[in-house]
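Asks: Structure in structure tokens, see below.
The values are calculated or read from the model by the stated rules, or taken from the named source; none is laboratory data. All values reported here derive from a predicted model rather than from experimental measurement. With ideal geometry, Cβ positions are generated from the backbone for all residues, glycine too; neighbour counts draw on all protein chains shown. To get the accessible areas, we keep the full protein, side chains included, count just its heavy atoms, and leave off ligands, DNA and RNA. Shrake-Rupley method; radii C 1.70, N 1.55, O 1.52, S 1.80 Å.
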Amino acid sequence: MEPIADVLALRYASKAMRAIWSPRGRILLEREFWIAVLKAQRDLGLPVPAEAIADYERVKGQIDLESIREREKVSRHDVKARIDEFCALAGHEHIHKGLTSRDLTESVEQLQIYRGLELARLKTVAALVALSRRAGEYKNVLLTARTHNAPAQLTTVGKRLAMFGEEIQLAL
């Protein structure tokens, strides 16, 4: 079955934001999570061979969504399918020891949210910089202000832009 396209994401989300939330992006984060867990387990004294970690790192970017879908048809479990795929690629079965599927999925979802917020912050700061420059350019361009839907005293386009920037900065 073909996945249904997320029309809003395609229309409004940046390529970088879509990458964070894409199936491929999620699986890559999961694999990075597993590698970090293996390293932590090794540091805590569990018997995790260094070559296993190296092999997992070597194949973490080899993501075959169709192969994972086929594994899920057999296991009827999304996380198990992704774990089996990663282990088959690496040639080891060292991940998922002492953890539940929710440990993985909730950690990855939190990381996706964090990275999405980081991206939004970066874009917001860039917008503030651009708005600040425009406010400076138009600081002497007059326009009639409005109050209660009626003309009021004069202000400048730069002042209006600065006010919008202040609101965005407060939101940030």
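Asks: Read through the list (1) open to solvent by less than 40 Å² (accessible area, probe 1.4 Å); (2) modelled with pLDDT of 95 or more; (3) not aromatic (Phe, Trp, Tyr), then give the number of the only condition that Ser22 fails.
Replies: Going through the list (1) open to solvent by less than 40 Å² (accessible area, probe 1.4 Å); (2) modelled with pLDDT of 95 or more; (3) not aromatic (Phe, Trp, Tyr), Ser22 breaks only (2).
Asks: On the given criteria, is Gly61 open to solvent by 50 Å² or more (accessible area, probe 1.4 Å), among the small types (Gly, Ala, Ser) and under 22 Å from the mean Cα position of the chain (by Cα)?
Replies: Numbers: open to solvent by 50 Å² or more (accessible area, probe 1.4 Å): yes; among the small types (Gly, Ala, Ser): yes; under 22 Å from the mean Cα position of the chain (by Cα): yes.
When the stated conditions are applied, Gly61 passes them.
Asks: Just need a number here: residues in the stretch 38-50 that are open to solvent by 70 Å² or more (accessible area, probe 1.4 Å) and either basic (Lys, Arg) or within 22 Å of Leu111 (Cβ to Cβ) (or both).
Replies: Step one: list which residues in the stretch 38-50 are open to solvent by 70 Å² or more (accessible area, probe 1.4 Å), which gives 39, 42-44, 46-47.
Then keep just the ones that are either basic (Lys, Arg) or within 22 Å of Leu111 (Cβ to Cβ) (or both); that gives 39, 42-44.
Total satisfying the criteria: 4.
Asks: May I pose another question? Can we say Glu93 is acidic (Asp, Glu) and assigned to a loop (DSSP other than H, G, I, E, B)?
Replies: Working: acidic (Asp, Glu): yes; assigned to a loop (DSSP other than H, G, I, E, B): yes.
Spelling it out, Glu93 is indeed acidic (Asp, Glu) and assigned to a loop (DSSP other than H, G, I, E, B).
Asks: Only residues that are among the aliphatic types (A, V, I, L, M) and open to solvent by 90 Å² or more (accessible area, probe 1.4 Å): list them for the stretch 131-170, please. Please lay out each step first, then the result.
Replies: First, pick out the residues of the stretch 131-170 that are among the aliphatic types (A, V, I, L, M): 131, 135, 141-143, 145, 150, 152, 154, 157, 161-163, 168, 170.
Of everything in the stretch 131-170, those that are among the aliphatic types (A, V, I, L, M) and open to solvent by 90 Å² or more (accessible area, probe 1.4 Å) turn out to be Leu142, Leu154, Leu170.
Asks: Could you grab me the full set of residues in the stretch 36-71 that are without any contact (Cβ under 8 Å) to a residue 24 or more places away in the chain and under 19 Å from Asp103 (Cα atoms)?
Replies: Ala36, Lys39, Ala40, Arg42, Leu44, listed by residue number.
Asks: Determine which member of the set Leu99, Leu143 is over 30 Å from Glu30 (Cα atoms), of a type outside the set (S, T, N, Q) and modelled with pLDDT under 95. Steps first, please.
Replies: On the way: Leu99 fails: over 30 Å from Glu30 (Cα atoms).
Matching residue, one of Leu99, Leu143: Leu143.
Asks: Further, regarding this structure: Residues in the stretch 58-73 that are within 16 Å of Phe33 (Cβ to Cβ) and among the small types (Gly, Ala, Ser): how many?
Replies: Adding up the residues that qualify gives 1.
Asks: Now for a separate question. Say whether the condition of being at pLDDT 95 or above, under 21 Å from Leu111 (Cβ atoms), of a type in the set (Asp, Glu) and outside any loop (DSSP other than H, G, I, E, B) is met by at least one residue in the stretch 63-75.
Replies: Within the stretch 63-75, none of the residues are at pLDDT 95 or above, under 21 Å from Leu111 (Cβ atoms), of a type in the set (Asp, Glu) and outside any loop (DSSP other than H, G, I, E, B).
Asks: Here's another thing I want to ask about it. Quick check on the stretch 107-130. Is at least one of its residues more than 18 Å from the chain's Cα centre (by Cα), open to solvent by 80 Å² or more (accessible area, probe 1.4 Å) and without any contact (Cβ under 8 Å) to a residue 60 or more places away in the chain?
Replies: Looking through the stretch 107-130, none of the residues is more than 18 Å from the chain's Cα centre (by Cα), open to solvent by 80 Å² or more (accessible area, probe 1.4 Å) and without any contact (Cβ under 8 Å) to a residue 60 or more places away in the chain.
Asks: Any idea which of Ile35, Ile53 is in contact with a Leu (Cβ under 8 Å, 6 or more places away or on another chain), over 29 Å from Lys123 (Cα atoms) and open to solvent by less than 50 Å² (accessible area, probe 1.4 Å)?
Replies: On the way: Ile35 fails: in contact with a Leu (Cβ under 8 Å, 6 or more places away or on another chain).
Exactly one residue qualifies, and that residue is Ile53.
Asks: Determine which member of the set Arg82, Arg76, Arg18, Arg24 is under 28 Å from Glu118 (Cβ atoms) and without any contact (Cβ under 8 Å) to a residue 12 or more places away in the chain.
Replies: Working: Arg82 fails: without any contact (Cβ under 8 Å) to a residue 12 or more places away in the chain; Arg76 fails: under 28 Å from Glu118 (Cβ atoms); Arg24 fails: without any contact (Cβ under 8 Å) to a residue 12 or more places away in the chain.
Sole residue among the options that is under 28 Å from Glu118 (Cβ atoms) and without any contact (Cβ under 8 Å) to a residue 12 or more places away in the chain: Arg18.
Asks: Which one is farthest from Ile83 (Cα to Cα) among residues in the stretch 20-58 that are among the β-branched types (Val, Ile, Thr) and more than 17 Å from the chain's Cα centre (by Cα)? Before you say what the answer is, go through the steps one by one.
Replies: Initial filter on the stretch 20-58 (among the β-branched types (Val, Ile, Thr)): 20, 27, 35, 37, 48, 53.
If we keep only those that are more than 17 Å from the chain's Cα centre (by Cα) too, we end up with 35, 37, 48, 53.
Working: Ile35: 12, Val37: 14, Val48: 17, Ile53: 14 Å.
Result: Val48.
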